[in-house]
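Student: Here it is: the structure, laid out below.
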Amino acid sequence: MLPQAVAAVMEGMQRWANPSSPHGDGRAARAALEDARRRIAAAYGWPYELLLTSGASESLAIAMGRCVADRRLITAVEHDAVLRLGEGAAVLPVTTGGVLGLDALAAALAGGGRTLVCVQWANSETGVRQPIATIAAVVHGAGGVLLVDAAQMPAHADSDVLRHADLVAVSAHKRGGPPGVGALLVRDLGILLPTGGQEKGYRPGTENLPGALGYAAALDTPEDLAAMALLRSRLEATIVDIGGEVVAAESPRSPLIGAYRMPGVSSAAQLIRFDLAGVAVSAGSACSSGSMRPSHVLTAMGWAEPALREVVRVSFGRSTTEAEVDRFAELWRTTFVDARARAA
C-alpha cells in the first residue's frame, strides 16, 4: 500500500460512522464517501455510475450475475474469478499470442439474443492486452454488452475502455490502495438487476468508508508507466540474452506484468530459489499460484508440458527499482546456469 493510502484509511477509521445513518456523524461520513466516489470515478475518467464493492471479484460477480442478458461469453484466458462465475458460458479461444480471436467472437455472437461478453484489459499472468475498441465494435454491432475485467488497469491507462466498455471491474489493491475495496463502473444501471440495500440498491452491506478513502488516495498518486516499461525491457533483455523465453513477446502487453520461461527448470524450483533470496514472484496469478494445476492461460495459448510448468510471473510497480530488477536478473542468470550445469 502507498503511504498516502495508509494515511487515508487511518483517517477514515478515526472519523468512522455508518454512511447510511441519518444522524450528523452519518451524514458527514456519507459526504466523505461520496467525495471518494467522485475522486475514484474522476481518476478513471468515468462520467457514468460507479458502485463501490469489496474488490474486482465482487464487481465481476455483480456484472456476470445480474446483467440483463440472454447469454454469456468469456475468453479461455480469463481470471479464475471469471471462470468460476462463467459456468454455462461459452468459452472463446485465443491465439498463441493470447489475444481473442475476433472471428470466433463474431461467430459466437451470431447465435442471437443479448449477450454479455467478458474480456480482460490485461491478463494477470502474461500481461497480454486485449484490443478493447475492436472487440467492442463486434460486441455492440451484435447488440451485446461488453464487460472489461480491468483489475490490472492503471487509472487513465486506456481511453478505449472508457469510450467503449459498458461495465468495468476495478480493484484498489492493484493500484497501491487497501485490500477489500474496488468498484464496478457502469455505463447504464438499467442493464443490471438491483437487489436492494446500499449502493443505489445494487449492493447490500455497510459501506467501507476507510477503504474508499484509501482507494481514492492511491489513485490520486500518479503511476509512471513509462518507467515500469523500461524496467521490464531491462529484465527481458537479460532473460533473452541468457536463453530464456518471454511469453507472448510479440503481443501488446501491460508494462506491469511479464511472464518468463526458464527452459529445463520447473517454476516450483525457481520460486524456491527466488524466495530464499528474498525475491517475491509467482507461478501464475496470485489467486491460482498456490495450485499445482498447470496454467489454464498458457494451456489456452497452446503451451504444453514441460514448458507449461517452467514459467514464472513478475510484476512491476511504483516501488520497483532498477537495482531490484538487476538483482533479479542476476539471480535468474545464476539459477539457469546452475541448473544447466547440474543437467550436464
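The values are calculated or read from the model by the stated rules, or taken from the named source; none is laboratory data. Keep in mind the model is a prediction, meaning the values are calculated, not measured. Cβ coordinates were reconstructed from backbone atoms using ideal geometry, including for glycine residues, and neighbour counts include every protein chain displayed. Protein only, heavy atoms only, side chains kept; ligands, DNA and RNA dropped before computing areas. Shrake-Rupley method; radii C 1.70, N 1.55, O 1.52, S 1.80 Å.
Student: Tell me the net charge near Pro19. Cut-off is 12 Å between Cβ atoms, Pro19 excluded, with +1 for each Lys or Arg and -1 for each Asp or Glu.
Tutor: -1
Student: Shifting gears a bit: If each residue of separation counts as 0.36 nm, what is the full-extension length gain between Ala42 and Ala137 once their alpha-carbon separation is subtracted?
Tutor: That works out to 31.7 nm of additional length.
Student: Nearest 0.05, what FRET efficiency do Arg15 and Ala344 give at R0 = 56 Å with Cβ-Cβ as r?
Tutor: With a Förster radius of 56 Å, E is 0.30.
Student: Can you tell me what share of the DSSP beta bridges in the chain is antiparallel? A percent to the nearest 5 is fine.
Tutor: Rounded to the nearest five, the antiparallel share is 60 percent.
Student: After finding the eigenvalues of the alpha carbon gyration tensor for region 95-223, what semi-axes result from the square roots of 5 times each, listed largest first in whole Å?
Tutor: Output for region 95-223: semi-axes of 28, 20, 11 Å.
Student: Right, next: Per residue of region 117-128, in order, report the coupling 6.51 cos²θ - 1.76 cosθ + 1.60 (Karplus, θ = phi - 60°) as ³J(HN,Hα) in whole Hz, putting x for Gly and Pro.
Tutor: Rounded to whole hertz, the list is 10, 10, 9, 7, 6, 8, 5, 6, 9, 10, x, 4.
Student: Okay, next question. Calculate the dipole size of region 1-145 relative to its Cα centre from +1 charges on Lys and Arg beta carbons and -1 charges on Asp and Glu beta carbons; express the result in debye to the nearest 20.
Tutor: That gives region 1-145 a dipole magnitude of about 320 debye.
Student: Computed FRET efficiency, Cβ-Cβ of His23 and Thr195, R0 35 Å: what is it to the nearest 0.05?
Tutor: That gives a FRET efficiency of 0.85.
Student: Give the span of region 1-58's Cα atoms along each principal axis, as three whole-Å numbers ordered largest to smallest.
Tutor: For region 1-58, the Cα extents along the three principal axes come out at 32, 28, 21 Å.
Student: Rounded to the nearest 0.05, what FRET efficiency do Thr238 and Leu102 have when you use their Cβ-Cβ distance and R0 = 30 Å?
Tutor: Efficiency for this residue pair is about 0.30.
Student: Please work out the C-alpha center-to-center distance from region 213-277 to region 132-181 and express it in whole Å.
Tutor: Result: 22 Å between the Cα centres.
Student: Could you give the distance between the Cα centres of region 325-344 and region 38-53, to the whole Å?
Tutor: A separation of 45 Å, based on Cα centres.
Student: Hey, rough spin-label estimate for Ala229 and Ala280, points 7 angstrom out along Cα→Cβ, what's it come to in nanometres?
Tutor: Those two pseudo-labels are separated by 2.7 nm.
Student: Rounded to whole Hz and in sequence order, give me ³J(HN,Hα) for region 182-190 from the Karplus expression 6.51 cos²θ - 1.76 cosθ + 1.60, θ = phi - 60°, writing x for Gly and Pro.
Tutor: Each residue of region 182-190 in turn: x, 7, 10, 7, 10, 5, 8, 4, x Hz.
Student: Filter the DSSP H helices in the chain by two things, a Kyte-Doolittle mean of at least -1.0 and an axial alpha-carbon span of 18 angstrom or more, and list the hits by number.
Tutor: Helices meeting the span and hydropathy rule in the chain are 24-44, 225-242, 322-343.
Student: To two decimal places, what compactness ratio does region 31-88 give when its Cα radius of gyration is scaled by 2.2 N^0.38 Å?
Tutor: 1.37
Student: Ok, one more. For the chain, what is the Kirkwood hydrodynamic radius in Å, using each pair of distinct C-alpha atoms?
Tutor: That comes to 21.1 Å for the chain.
Student: Nearest 20 debye, what's the magnitude of the dipole of the chain about its Cα centre given +1 on Lys and Arg Cβ and -1 on Asp and Glu Cβ?
Tutor: 360 debye
Student: For region 112-234, what is the accessible area per residue in Å² when the probe is 1.4 Å?
Tutor: Value returned for region 112-234: 32 Å² of accessible area per residue.
Student: What does the extension gain come out to for Ser266 and Glu305, with contour length at 0.36 nm per residue minus their alpha carbon separation?
Tutor: Stretched fully, the Ser266-Glu305 segment lengthens by 13.0 nm.
Student: Taking the Cα centre of region 172-278 as origin, sum charge times position over the Cβ atoms of Lys and Arg (+1) and Asp and Glu (-1), and report the length of that vector in debye to the nearest 20.
Tutor: Rounded to the nearest 20 debye, it is 160 debye.
Student: Computing the accessible area with a 1.4 Å probe over protein heavy atoms, can you report the carbon and sulfur percentage for region 184-305?
Tutor: Roughly 57 percent, rounded to a whole number.
Student: Still on this structure: Taking the dipole about the Cα centre of the chain, with the C-beta of Lys and Arg at +1 and of Asp and Glu at -1, give me whichever of Leu167, Ala218, Ala307 is farthest to the positive side.
Tutor: The listed residue farthest towards the positive side: Leu167.
Student: Rounded to the nearest 500, what is the 222 nm mean residue ellipticity of the chain from helices alone, with -39500 (n - 2.57) per DSSP H run of 4+ residues and division by all residues?
Tutor: Here the helix-only value at 222 nm equals -12500 deg cm²/dmol.
Student: Another question, if that's okay. Quick one: 3J(HN,Hα) in Hz for region 162-176, Karplus 6.51/-1.76/1.60 with θ = phi - 60°, rounded, Gly and Pro as x.
Tutor: 5, 7, 10, 6, 8, 9, 9, 9, 9, 9, 6, 5, 6, 10, x
Student: Still on this structure: Can you give me the orientation-averaged projected area of the convex hull built on the Cα atoms of region 237-284, in nm²?
Tutor: Averaging across all directions leaves 3.9 nm² for the Cα convex hull.
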